[in-house]
Amino acid sequence: MSKLECRGIGKKYGKKEALQQIDLTIESGKIYGLIGRNGAGKTTLLSIMAAQNPASQGMVMLDGENIWENQKALGNICFSREISPASGKNGIGSLRIKEYLKAAAIYLPKWDAQMAGHLIEMFALNPKQRMSKISKGMLSMVTIIVAMASKAEYTFLDEPVTGLDAVMRERFYQILLDEYADTGRTFVISTHIIEEAANIFEEVILLKKGCFFIKENTQHLMERALHISGRTEQVGEAVEGLVVCQEEIMGRSKGVTVLLEEGQTVKTGFEVTVQPVSLQNLFVALCGKED
């Protein structure tokens, strides 16, 4: 099985540490969700994993080979990120959509021009339009086309649904799932719209303040996360010994989010309500008070 490994990845911008000692393995044939608050280092990590940004320390390996300046390895990786068309005649904004995609094809050896054309039609894009003249949502459509048509074994998408309405977001997820079912490609998707994407993530990767925090099968993670509510003293006794991620006190009542470890359970015999937690709510519980 192919795998992409981050070994001791660190990144500094001046005195600021954007990433610290990231050890992470991405196995082929899975869809990963990369989540974290703004500034957690998600985009930086993806750019390093695609060799678009040099790490300050550590290395990224694809099947045991360092990917940096390794054209063979990089032919299997695509990082499709948010586009910000630059002004001026030499910027991305001066390119027409078809010119931008043609340039992408030069750097992506497995480029599928037929698929790119199909997606242009599906998204109702005018390939003759200049990048500077299209909406935020249309720019996201272009990034999706690059990602899908790249046919890269490891494909990273950074905020792919920014600016898309609910219908187009749903269409994107279906395109992604269809491509995954047909090819078994590996996708890593960084997004802040966690709730609607949660069901497509086989595994979740959580970054917190530039550090690796969680990498776990999504279903298993959600089975470990529970919300317990009731009278303050009853809740306190029911969750004694458990790791509490978040708590809310409302008068004489209390609600807590816990993340169970192997073999742990919420104690019975207390008048409390135990409910499952959504991935988005767990994210808020784990990261909402990190500042």
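All of the numbers you see were taken from the coordinates with simple rules; none came from a lab. This is a predicted model, so every value here is computed, not measured. Backbone-built Cβ (ideal geometry, glycine too); neighbour counts: all protein chains shown.
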Exposure-ranked with fewest Cβ neighbours within 10 Å first, 245, 211 stand as 211, 245
Over the chain, the sum of -39500 (n - 2.57) across DSSP H runs of at least four, divided by residue number and rounded to 500 deg cm²/dmol, gives at 222 nm -9000 deg cm²/dmol
Rounded to the nearest 5, the percent of DSSP beta bridges in the stretch 44-188 running antiparallel is 30 percent
Between the Cα axis of helix 113-122 and the main Cα principal axis of the chain, the angle (0 to 90°, nearest 10) is 70 degrees
Here the relative contact order (percent) of the stretch 221-287, from C-alpha pairs under 8 Å and at least 6 apart, is 44 percent
The lysines whose Cα lies under 23 Å from the Cα of residue 128, excluding any fewer than 8 residues away in the same chain, are 89, 98, 102, 136
Helix 166-183 sits off the longest principal axis of the Cα atoms of the chain, rounded to the nearest 10 on a 0 to 90 degree scale, by 80 degrees
Expressed as a whole-number percentage, the relative contact order of the chain with C-alpha contacts under 8 angstrom and at least six residues apart is 19 percent
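What net charge is computed for the residues neighbouring residue 165, neighbours being all others with C-beta under 13 Å from the C-beta of residue 165, Lys and Arg scored +1, Asp and Glu -1?
Result for the neighbourhood of residue 165: +1.
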Rounded to the nearest 5, the percent of DSSP beta bridges in the chain running antiparallel is 70 percent
Most packed first (mean Cβ within 10 Å per residue), the peptides 262-271, 1-10 order as 1-10, 262-271
Computed over the chain: longest principal axis from alpha-carbon atoms vs helix 97-107 long axis, angle to nearest 10 degrees, is 80 degrees
Row for the stretch 221-287, column shape: gyration tensor on C-alpha, a ≥ b ≥ c, rounded if a/c < 1.5 i.e. under 1.5, prolate if a/b over b/c, else oblate; value oblate
Packing-ranked peptide list from 223-231, 124-132, highest mean Cβ count within 10 angstrom first, is 223-231, 124-132
Charge dipole of the stretch 3-209 built from unit charges on the beta carbon (Lys, Arg +1; Asp, Glu -1), centred at mean Cα; most positive-end Cα among 91, 21, 173 is 91
